[in-house]
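What follows is a set of notes on a single structure, which appears directly below.
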Amino acid sequence: MQTIYVDVFFFINMFVDFILLFLLKRIIRSNIKYSRVILSSVTGSVFSFSALLPFNHFPINIFINIVSLSLLSLICFGFGNIKRFLKNTIILLIISFLFSGAMIYFYTAFRPESMVIINNAVYFNISPIILILLSCIIYFLLFLIKKVFKNHTNSFLIHNVRFKYKDKEYNVKCKTDSGLNLKEPFSGDNVIVVESSEVCFADKSKMRVIPFCSLGGSGIIYGFKAEFVFIDAKKINEEIYIGLCEGIFKNEIKGLIPEFIIKD
């Protein structure tokens, strides 16, 4: 029977949870702070001690895993709404089961003496020095992955929007935003937000007032209905309003598109 060191067990499982949550963060393209990822990882590592309890029943283990991963999803990404919470939790469950399956296969195939799997919790009997080096390597790899895929992810989210209003066409680079759900209040039509400096008129008396509510507060913007809208040369077959903001976009990106418009 291999001796289990509590500190090593804690940190190993914290690293594993951190990696799983980082992968989920990349999959759902969340911009949550890493402090929440770390807090959630610590919580998951505390839950991993349930593997050391004197029982090993499959239904109980599954229940504990679902509860712990649901809590990790809640701490890391918040609740938002039931649909988003269930989506994040299910994806985290899938990633976790895939990781556990990979670890079980590795353990079965190679039988490393320093590795132990206890009720789906992973343990490596390594020294504190190696543990510190491992943490540095993991941090470097995560930093490298973030740098390598940053430009690719951004280019995937950026689109060219062409719209017409009062016999004049405009071309604006916009970025998709999964959290944008702005509607023109009377028609219920979707709104694309564009920097006001990108259009050559500012007669607010002829525009619609569009209220908004965000984490930064609430307010109103002015908008108009475009005669047509093309996104990456694809015509959008629905009525779209262009909402004008001021001083929000500082780089080449000059607007935001609701993500579901792209998917449709």
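The values are calculated or read from the model by the stated rules, or taken from the named source; none is laboratory data. Since we're looking at a predicted model, the values are computed, not measured. With ideal geometry, Cβ positions are generated from the backbone for all residues, glycine too; neighbour counts draw on all protein chains shown.
Mind checking which pairs have a first residue in the stretch 23-42 that is more than 13 Å from LEU92 (Cβ to Cβ) and a second that is loosely packed, with under 14 Cβ neighbours inside 10 Å and among the polar types (S, T, N, Q), Cβ under 6 Å, 6 or more apart or different chains?
Filtered contacts from the stretch 23-42: no entries.
What number of residues within the stretch 230-264 satisfy the criterion of being closer than 23 Å to MET207 by Cβ, buried (at least 16 other Cβ atoms within 10 Å of the Cβ) and out of contact with any helix residue (DSSP H, G or I) (no Cβ under 7 Å at 6 or more places or on another chain)? Steps first, please.
Step one: list which residues in the stretch 230-264 are closer than 23 Å to MET207 by Cβ, which gives 230-231, 236, 238-249, 253-258, 261.
Then drop every residue that is not buried (at least 16 other Cβ atoms within 10 Å of the Cβ), which leaves 230-231, 236, 240-245, 249, 253-258, 261.
Now restrict to residues that are out of contact with any helix residue (DSSP H, G or I) (no Cβ under 7 Å at 6 or more places or on another chain): 230, 240-243, 249, 253, 255-258, 261.
Looking only at that region, the number is 12.
Of the numbered conditions (1) modelled with pLDDT under 90; (2) touching a Cys at 6+ places or on another chain (Cβ under 8 Å), VAL193 fails exactly one; give the number of that condition.
Tallying (1) modelled with pLDDT under 90; (2) touching a Cys at 6+ places or on another chain (Cβ under 8 Å), VAL193 fails exactly one: (1).
Take the residues of the stretch 178-195 that are buried (at least 17 other Cβ atoms within 10 Å of the Cβ) and either among the hydroxyl-bearing types (Ser, Thr, Tyr) or assigned to a strand (DSSP E or B) (or both): which is farthest from the chain's Cα centre (by Cα)?
Ranking the qualifying residues of the stretch 178-195, first place goes to GLU195.
Please indicate, with yes or no, whether at least one residue in the stretch 2-14 is modelled with pLDDT of 80 or more, buried (at least 17 other Cβ atoms within 10 Å of the Cβ) and assigned to a helix (DSSP H, G or I).
From the stretch 2-14, those modelled with pLDDT of 80 or more are 14; that's our starting set.
Of the ones still in play, those that are also buried (at least 17 other Cβ atoms within 10 Å of the Cβ) are 14.
This time we only want the ones that are assigned to a helix (DSSP H, G or I), so: 14.
Yes, the conditions are met somewhere in the stretch 2-14.
Might you check whether a residue that is at pLDDT below 75, part of a helix (DSSP H, G or I) and on the phi < 0 side of the Ramachandran plot occurs anywhere in the stretch 63-79? Explain how you work it out, then say what you get.
Applying the first criterion (at pLDDT below 75) to the stretch 63-79 yields 64-65.
Still in the list and also part of a helix (DSSP H, G or I): 64-65.
Filter once more, keeping what is on the phi < 0 side of the Ramachandran plot: 64-65.
Within the stretch 63-79, one or more residues are at pLDDT below 75, part of a helix (DSSP H, G or I) and on the phi < 0 side of the Ramachandran plot.
Evaluate the following for GLU227: is it more than 18 Å from TYR170 (Cβ to Cβ), surrounded by fewer than 19 Cβ atoms within 10 Å (Cβ to Cβ) and at pLDDT 85 or above? Talk me through it step by step, then tell me what you get.
Details: more than 18 Å from TYR170 (Cβ to Cβ): no; surrounded by fewer than 19 Cβ atoms within 10 Å (Cβ to Cβ): yes; at pLDDT 85 or above: yes.
No; evaluated as a whole, the condition is false for this residue.
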